[in-house]
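Presented below is the structure to which this report refers.
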Amino acid sequence: MQYSSVKEQQSLNIRLEQPVASSATRPDGEALSFSDLVERFGEEIYRYAWHLARNQTDADDLYQETLLKAFRAYTRLPADANHRAWLYKIASNTFISDLRKRGRDQPLTDMMEYQLADPAPDPVAGIDARDLLVDVEHFVIELPPKQRMALVMRKYQNLGYDQIASALNCSEAAARANVHEALRKLRLQFADRLEV
């Protein structure tokens, strides 16, 4: 199930593993409460977590861990920092760490496959398009983590290469190369099934 809003996410009353202060104050005096952080960036970070994790349970965990880590580290963030890229970086690093710990990646759930499918007026074309979409999703899951994250940030989140580079802790050229390589692999894999 995808959440329709941050309000719906907040209504779940997710238990925190450790109690945290209700707000953090940075050296420049700017205060940010946890609820402000969730309201400001929650929906976008949850969508990114969903695209990376590909299932609700892992997306919820990644989302929660990202926001908790961000909240705890907020006081060390420079005043002129790009908050958005900083959160993507935390989410990306948390995702990679989790992959290393678990050594596995779970496939799409039946519900997610159903939600991704776009019904077409032509039943035969609809079956073909649905099959292609599922195959593409599975292929993206199998991409190396940096290529997968760069592709998701560029194509799903519409981030610029400078923001992707900041989030992945690499150069802008490396961010472009990761996106380009992921797209090249997709085109190569599915060229025979796509209309040109």
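We did not get these values from a lab; they are worked out from the coordinates using the rules stated. Everything quoted here is computed from the prediction, not taken from an experiment. No Cβ is skipped: glycine too gets one built from the backbone with ideal geometry, and neighbour counts run over all protein chains shown.
Annotations
- A crude spin-label estimate for the pair ASN169 and LYS155, with each label 7 Å from Cα along the Cβ direction, gives 2.6 nm.
- The string of couplings for the stretch 39-54 from the Karplus curve (6.51, -1.76, 1.60, θ = phi - 60°) is 5, 6, 10, x, 4, 5, 5, 5, 4, 5, 4, 5, 5, 6, 7, 6 Hz, one whole number per residue in order, with x for Gly and Pro.
- Distance between the stretch 75-90 and the stretch 41-63 - C-alpha centres, whole angstrom: 18
- Here the spin labels are modelled as points 7 Å beyond Cα on the Cα-Cβ line, and at ILE96 and ALA73 they lie 1.2 nm apart.
- Here is the P(r) of the stretch 143-196: all C-alpha pair distances, binned every 10 Å from 0, give 27, 50, 19, 4 in whole percents.
- The HN-Hα couplings worked out from phi for the stretch 76-88 by the Karplus form 6.51 cos²θ - 1.76 cosθ + 1.60 (θ = phi - 60°) are 8, 6, x, 4, 8, 6, 8, 4, 4, 5, 4, 5, 4 Hz, whole numbers, x standing for Gly and Pro.
- Average Cα contact separation per residue, the stretch 143-196, under 8 Å, 6 or more apart, as relative contact order %: 36
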